[in-house]
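In what follows, a single structure is set out as structure tokens and then discussed.
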There are 4 protein chains.
Amino acid sequence: MAIKLFVTGGTFDKEYDEIRGRLYFKDTHVQEMLALGRCRVPVVVRTLMMVDSLEMSDQDRRIILDNCRHCPQQRIVLTHGTDTMEVTARLLGEAIRDKTVVLTGAMVPYKFGSSDGLFNLGSALAFAQTLPRGVFVAMNGRCFPWDRVVKNRAAGLFEEREGK
Amino acid sequence: MAIKLFVTGGTFDKEYDEIRGRLYFKDTHVQEMLALGRCRVPVVVRTLMMVDSLEMSDQDRRIILDNCRHCPQQRIVLTHGTDTMEVTARLLGEAIRDKTVVLTGAMVPYKFGSSDGLFNLGSALAFAQTLPRGVFVAMNGRCFPWDRVVKNRAAGLFEEREGK
Amino acid sequence: MAIKLFVTGGTFDKEYDEIRGRLYFKDTHVQEMLALGRCRVPVVVRTLMMVDSLEMSDQDRRIILDNCRHCPQQRIVLTHGTDTMEVTARLLGEAIRDKTVVLTGAMVPYKFGSSDGLFNLGSALAFAQTLPRGVFVAMNGRCFPWDRVVKNRAAGLFEEREGK
Amino acid sequence: MAIKLFVTGGTFDKEYDEIRGRLYFKDTHVQEMLALGRCRVPVVVRTLMMVDSLEMSDQDRRIILDNCRHCPQQRIVLTHGTDTMEVTARLLGEAIRDKTVVLTGAMVPYKFGSSDGLFNLGSALAFAQTLPRGVFVAMNGRCFPWDRVVKNRAAGLFEEREGK
């Protein structure tokens, strides 16, 4: 069965606004990235929102949770800003036991030459196919259970932490 | 423990020779790709050869097999040209039972803007961490056991085939 | 008045054929390059042929000459493979005295990340607007009159030579 | 004689700060861009400052003017943010009569895949070699005298305006 891919925005999808000289959201690049990866796994993409994860509200997170719960697919990839990825992972992890959900994102926007986005998307789709039920964060080749991950903001990377 | 990454060349690593106007091999781009993906999984890279897989000899394949067998790591990613990836996968699959080996490659050289290489490398590293022992081909988001994969040359993609 | 841009192929426009694993011609990338440069000079593009300049025939060169002569524009940019750029420049230079024609190309295909194509196209359009009547080769920031240029094949660059 | 290339920052040179998730200045990319264009014109690069042109002070502009006046080269390219490019051009245009100075920049940072920077740099170097003495703004294939250019901020492009 297909993998569901929910888009929520994040660095992944930031564009450069050449009129205003700043980063902003327009459309998701996920379809373009799947095409570039010549992805042959069936993936059903749905954009839930396009937000910076620092501005993601409780209401936004509830929308994400509802969609993960109620979609027919058992395997889900969720693109998400890195700043609060662990917060959303925790909410989902406590509520979802019967599906495999993999959160991923990027440290650098996909449209920048130096983005890690395509690498992360490739690994997230692989983890989503092979991991057991549960909620995970997949970034930069690694994968963490939802209750054992923390973003090290100073270093700009995700690390394992003691489980609760 | 670290993942071992053996490089054998293939489309992945082809460069454009601007003097002669043709594709050729210089050095592998794997280290550069791991840096771009900001890969945080420990990966030990070793270049075994830099060949087009159409020109890979039996002797070359024996070198690959020996290296997979004798390296201390249990989890191995092998970059390989797509044209004979299934041949090497079969040789390794029949001989290696106690390690996880994932072959990957690219349909388009990494140095081309339109390459699937970074996506494939991300997914291969994820599959190598999560799959059980055995030999697999990971291309374009999918993963096949060594005895159930065939390259559809007309379409330029890998497909599942009946197991032997 | 607009600049006429004639496309003849060359390294500029080579694509990677992922089925056959080799370089080939499909469509020109010139329109995409003008869009990327956000080019605001009116440019009228016409593809005359899509050939490797090593395979350009006398007949092909006559077509190029006819088109340069008979188009209404006074200022022309011509994209061309680098291997025989000086041959075509000579033919045009001896025949065209009343227009400004600038030949340009690339050492590396535009679709490769490392291409000089966009830089060359930007400079060729500038030279075409500012140079007097005559035929010129514009490559890698430099501009040569048709009768004083030679490609140094070993070094992969264009050099000035003694005029005839 | 060589072309002098003064760097002042601007969109051209903005990088993505992956720790803070915003654009910033580190080093100039001009040398990398000249290498990508395989530029064969002798160019002497000097970084005067790395600022957003909205934050360029009168003192900064005086430094630019002094450097243009006192460098030994007769032909100068100046990279500059687009927001106040016309202000600096006016200051230079009123003061410099005996050299050719070409201001250029980019609507999108060079490090973004969609940047016009390489195209603009190629054309600026060509204009600097062929235009007579005076101060010009070269953007997106066009070139304007310093006293007849205005940035249309709503459209994100440079236009000709009535001379004073």
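The values are calculated or read from the model by the stated rules, or taken from the named source; none is laboratory data. On a predicted model such as this, the values are computed, not experimentally measured, just so you know. Because the Cβ atoms are built from the backbone with ideal geometry, glycine has one as well, and the counts that use them run over all protein chains shown.
Just name the residue that is farthest from A:GLU94 (Cα to Cα) out of those in the range A:116-137 that are more than 7 Å from chain B (Cβ to nearest Cβ) and under 12 Å from the mean Cα position of the chain (by Cα). My answer is A:GLY117. As for the range B:12-23, it holds at least one residue that is crowded, with 16+ Cβ neighbours inside 10 Å and under 22 Å from A:ALA126 (Cβ atoms).
Here D:VAL77 meets the list (1) part of a loop (DSSP other than H, G, I, E, B); (2) within 15 Å of the chain's Cα centre (by Cα) almost entirely, failing just condition (1).
With respect to B:THR28, is the statement that it is away from every other protein chain (no Cβ under 14 Å) and crowded, with 18+ Cβ neighbours inside 10 Å true? Walk me through it before giving the result.
Details: away from every other protein chain (no Cβ under 14 Å): yes; crowded, with 18+ Cβ neighbours inside 10 Å: yes.
So B:THR28 passes the test.
Within the range D:134-164, the residues that satisfy the criterion of being under 15 Å from C:PHE127 (Cβ atoms) and without any contact (Cβ under 8 Å) to a residue 40 or more places away in the chain are D:ALA138, D:GLY141, D:ARG142.
If you filter the range B:2-45 down to residues that are among the aliphatic types (A, V, I, L, M) and part of a strand (DSSP E or B), you find that the one that is farthest from the chain's Cα centre (by Cα) is B:LEU23. Of the numbered criteria (1) away from chain B (no Cβ under 12 Å); (2) part of a strand (DSSP E or B); (3) within 23 Å of B:PRO42 (Cβ to Cβ), the one A:GLU86 fails is (2). Being touching a residue at least 24 places away in the same chain (Cβ under 8 Å) and surrounded by fewer than 21 Cβ atoms within 10 Å (Cβ to Cβ) is true of B:GLN73.
It is to be established whether one or more residues within the range C:17-35 are touching a residue at least 60 places away in the same chain (Cβ under 8 Å), at positive phi and not β-branched (Val, Ile, Thr). Within the range C:17-35, not a single residue is touching a residue at least 60 places away in the same chain (Cβ under 8 Å), at positive phi and not β-branched (Val, Ile, Thr).
Of the residues making up the range C:123-159, those that are in contact with a Lys or Arg (Cβ under 7 Å, 6 or more places away or on another chain), closer than 30 Å to D:VAL137 by Cβ, not in a loop (DSSP other than H, G, I, E, B) and not hydrophobic (A, V, I, L, M, F, W, C) are C:GLN129, C:ARG142. A:ALA35 meets all of the listed conditions (1) touching a Lys or Arg at 6+ places or on another chain (Cβ under 9 Å); (2) more than 9 Å from every other protein chain (Cβ to nearest Cβ); (3) surrounded by fewer than 17 Cβ atoms within 10 Å (Cβ to Cβ) but one, namely (1). Just to be sure I understand, how many residues within the range C:9-25 are away from chain D (no Cβ under 14 Å) and polar (S, T, N, Q)? Total meeting the criteria: 0.
From A:LEU103, A:LEU131, A:LEU91, which residue is closer than 30 Å to A:ASP17 by Cβ and either in contact (Cβ under 8 Å) with a residue 60 or more places away in the chain or not β-branched (Val, Ile, Thr) (or both)?
Criteria check complete, one pass: A:LEU103.
If the condition is being of a type in the set (Gly, Ala, Ser), surrounded by fewer than 22 Cβ atoms within 10 Å (Cβ to Cβ) and modelled with pLDDT of 95 or more, then the range B:81-118 contributes B:GLY93, B:ALA95.
Within the range D:45-65, the presence of at least one residue that is over 17 Å from D:PHE136 (Cβ atoms), within 14 Å of chain C (Cβ to nearest Cβ), in contact with a Lys or Arg (Cβ under 9 Å, 6 or more places away or on another chain) and modelled with pLDDT of 95 or more is confirmed.
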